[in-house]
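In what follows, a structure is listed as structure tokens, so that the remarks can point back to it.
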Amino acid sequence: MFKTIINDIDSIFARDPAARSRFEVVLCYPGIHALILYRFSHFLWRHHLKLIGRFISYIARFITGIEIHPAATIGARLFIDHGMGVVIGETAKIGDDVTIYHDVTLGGTSLSDGLRHPQIGNGVIIGAGAQLLGPIRIGDNARIGSNAVVVKDVEAETTVVGVPARVVPESTIPISNTSKKSFDAYGAPRTPESDPVLAILLQLQSDIQGLTTRISELENENTELLNSAKKWEMK
């Protein structure tokens with residue numbers, strides 16, 4: 001467990017340019033505090049000390065503003081950036097090298113027993129305010145844009161944005177961001193065309209402007225014809 005915690009600390013130091021030292025990460029990053037307490041509470045939960053494990057997770061929530069159920073499964077090198085308002089449910093599973101920003105919810109939509117929360121693959125980035133609901137599966141290296149609401153599975157190497165979340169066409173993602181090794185802060189490329197709904201609206205606006213221009217041209221042509229016909233009638 002201690003080796004895993006050290007890897008968590010090192011991964012945060014490597015991924016956040018604002019971190020000046022590992023010692024600063026240990027002292028000043030609520031994400032690592034929540035993760036350390038989670039590792040301990042998860043250990044207790046697995047060894048049938050569930051009440052104590054749950055109480056420790058409550059203390060972590062009080063201190064950090066991050067709520068992680070001790071029964072959740074979290075892989076290595078998770079980075080919870082800023083962290084306030086993050087909620088990770090009981091049956092959630094998170095892979096390795098995942099980045100989660102503040103106000104993210106991995107929530108359940110069912111009151112029945114069994115799998116109720118999202119299953120997150122490796123290398124996923126989940127932007128601030130994103131809501132992932134239900135026993136959905138997020139593929140490796142997927143990107144969830146800020147404030148997206150995800151209620152369906154997301155394929156690996158895919159970026160989704162919006163409410164409800166929609167897949168961003170690959171043609172709108174900058175070439176430098178297409179590699180699975182790239183890091184897209186807050187989970188999505190920052191281009192106007194990255195939202196598929198916005199792209200459709202922009203295309204409609206362009207089409208309407210083109211039609212308006214063509215109608216004006218036709219009206220001008222008809223006016224010229226009418227004026228010419230009146231001249232012949234006067235003669």
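The values are calculated or read from the model by the stated rules, or taken from the named source; none is laboratory data. Remember, predicted model here, so these are calculated numbers, not experimental data. Please note: Cβ atoms are built from the backbone with ideal geometry, for glycine as well, and neighbour counts cover all protein chains shown. Remember, those area values only see protein heavy atoms, side chains included, never the ligands or the DNA or RNA. Shrake-Rupley method; radii C 1.70, N 1.55, O 1.52, S 1.80 Å.
Odds and ends about this structure:
- Residues in the stretch 1-20 that are open to solvent by 90 Å² or more (accessible area, probe 1.4 Å) and assigned to a loop (DSSP other than H, G, I, E, B) were compared, and the one that is farthest from Leu78 (Cα to Cα) is Arg20.
- Verdict on Pro30 being open to solvent by 20 Å² or more (accessible area, probe 1.4 Å), free of Cβ contacts under 8 Å to residues at least 12 places away in the same chain and under 23 Å from Ser146 (Cβ atoms): no
- The requirement of being at pLDDT below 70, surrounded by fewer than 18 Cβ atoms within 10 Å (Cβ to Cβ) and part of a loop (DSSP other than H, G, I, E, B) is not satisfied by Lys231.
Here's the yes/no breakdown for (1) of a type outside the set (A, V, I, L, M, F, W, C); (2) at positive phi:
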site: Ala60; (1), (2): no, no
site: Gly75; (1), (2): yes, no
site: Leu78; (1), (2): no, no
site: Val86; (1), (2): no, no
site: Ala92; (1), (2): no, no
site: Asp97; (1), (2): yes, yes
site: His102; (1), (2): yes, no
site: Ser110; (1), (2): yes, no
